[in-house]
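Right, one structure below, let's go through it.
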Amino acid sequence: MIKIFKTEENKKLSRLSINEAVSGSWFSLISPNDEEIKQVSLVLGLDEDFLRNSLDLDERSRIEIEDGNVLIITNLPIMTEDGCFDTLPMGIIYTPTSILTVCSKDNNILASFNENTTYTFDTKNRTEFMLKILYRSVKFYLKYLDIINRTTENIEVELQKATNNKALFQLMEIQKTLVYFSTALKDNDIVLQKIMRITKPTNVNYIKTTEEDIDLLEDVIIDTRQAIEMVDMHRMILEAMMEGFASIINNNLNQVMKFLAAITIIMSIPTMIGGLWGMNVKVPYSQNTYGFLIVVALSIITSIAAVFYFRKKGMF
């Protein structure tokens, strides 16, 4: 799917067809097919592989420069349909006239740049727009990390009384997400450092920047490093939690087994007494009118005594 936008002078975002595409346009390619890739390649004079590189789900963050066009592949955070988190590669192609974003799936980061938020960006200012996409990506990392933190706290409460491994599996899923986030953020940080280098006046300026753009780029780098620190902190806390709560689950299970063992012993007392008085031999009180009641009373008294004993030992 191809969507082409351009910010007008009145700050409105207009939608263009590929034949109407002009300088300062934003080409948004979401899961494009071969025909759409060929169309964009012909219009902008780009190598088709330059567009396809970002569609590989295993692509790492990197920068590639070809014929004055800059390809920046960055990894975005996404929330899956089942409420889990993952990362997704997205390509930002900076050309002398336009800017392109190429992604295999629709996502919240690109969707946040729309007609309702058009006052916050300008497609004609390609550098600023590119940096705002990267900045929005970092903000979503921080947002999802906050959600992960709250989820972990809820699981922590559940684990205090858990006797099965369900909560631990949830923590393992979160731990896997944090590994994805950590890897993606560290790769993104390397890419941001490269962007900073190629925008220095001493280098060939493939990406034109102003002082405001440099300030925004520095903010993106600072927030990215903050996100990396948060991920590392959450990972360390999670590892300690998993070790501690594995012991708690085992202890909870031991408490249940102790309780069941005590109940089994208490329930066996009346059975044992009844078995003794039910044998085909002479037993005490066999000729007594109240013999049955005496045996029942003896069973009850002995069972109550066992209950008090086990309570004193902490098995209830």
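Quick notes on this one:
- Count - residues of region 47-81 that are within 23 Å of the chain's Cα centre (by Cα) and crowded, with 21+ Cβ neighbours inside 10 Å: 7
- Given (1) in a strand (DSSP E or B); (2) free of Cβ contacts under 8 Å to residues at least 24 places away in the same chain, number of the condition Lys38 does not satisfy: (1)
- Residue list for region 189-240, filter: modelled with pLDDT of 85 or more, in contact with an Asp or Glu (Cβ under 8 Å, 6 or more places away or on another chain) and either of a type outside the set (A, V, I, L, M) or not assigned by TED's automatic domain parsing to the domain that holds Phe121 (or both): Glu212, Asp213, Thr224, Arg225
- Selection status of Asn53, under 30 Å from Tyr144 (Cβ atoms) and part of a helix (DSSP H, G or I): yes
- Options Leu29, Leu46: the member that is touching a helix residue (DSSP H, G or I) at 6+ places or on another chain (Cβ under 8 Å) and not in a strand (DSSP E or B): Leu46
- Qualifying residue in region 110-131 (condition: β-branched (Val, Ile, Thr), over 24 Å from Ser23 (Cβ atoms) and either out of contact with any helix residue (DSSP H, G or I) (no Cβ under 8 Å at 6 or more places or on another chain) or touching a residue at least 24 places away in the same chain (Cβ under 8 Å) (or both)): no
- Arg136 vs. criteria more than 18 Å from Thr80 (Cα to Cα), assigned by TED's automatic domain parsing to the domain that holds Asp49 and surrounded by fewer than 21 Cβ atoms within 10 Å (Cβ to Cβ): yes
- When region 41-52 is filtered for residues that are within 12 Å of Leu100 (Cβ to Cβ) and either in contact (Cβ under 8 Å) with a residue 40 or more places away in the chain or acidic (Asp, Glu) (or both), the ones remaining, listed by number, are Leu44, Leu46, Phe50, Leu51.
- Qualifying residue in region 83-92 (condition: among the small types (Gly, Ala, Ser), in contact with a Cys (Cβ under 8 Å, 6 or more places away or on another chain) and either under 21 Å from Tyr135 (Cβ atoms) or crowded, with 21+ Cβ neighbours inside 10 Å (or both)): yes
- For Asn33, the test of being crowded, with 18+ Cβ neighbours inside 10 Å, of a type outside the set (A, V, I, L, M, F, W, C) and assigned by TED's automatic domain parsing to the domain that holds Arg136 is failed.
- Some residue of region 241-248 being modelled with pLDDT under 80 and either among the charged types (D, E, K, R) or over 27 Å from Thr151 (Cα atoms) (or both): yes
- Only listed residue being surrounded by fewer than 16 Cβ atoms within 10 Å (Cβ to Cβ), closer than 23 Å to Phe181 by Cβ and out of contact with any His (no Cβ under 7 Å at 6 or more places or on another chain), chosen from Met267, Met233: Met233
- Matching residues, region 73-126, being hydroxyl-bearing (Ser, Thr, Tyr) and not in a helix (DSSP H, G or I): Thr74, Thr80, Thr87, Tyr94, Thr95, Thr97, Ser98, Thr101, Ser104, Ser112, Thr117, Thr123
The values are calculated or read from the model by the stated rules, or taken from the named source; none is laboratory data. Not measured: the values here are computed from a predicted model. Using ideal geometry, Cβ is built from the backbone for each residue, glycine included, and neighbour counts are taken over all protein chains shown.
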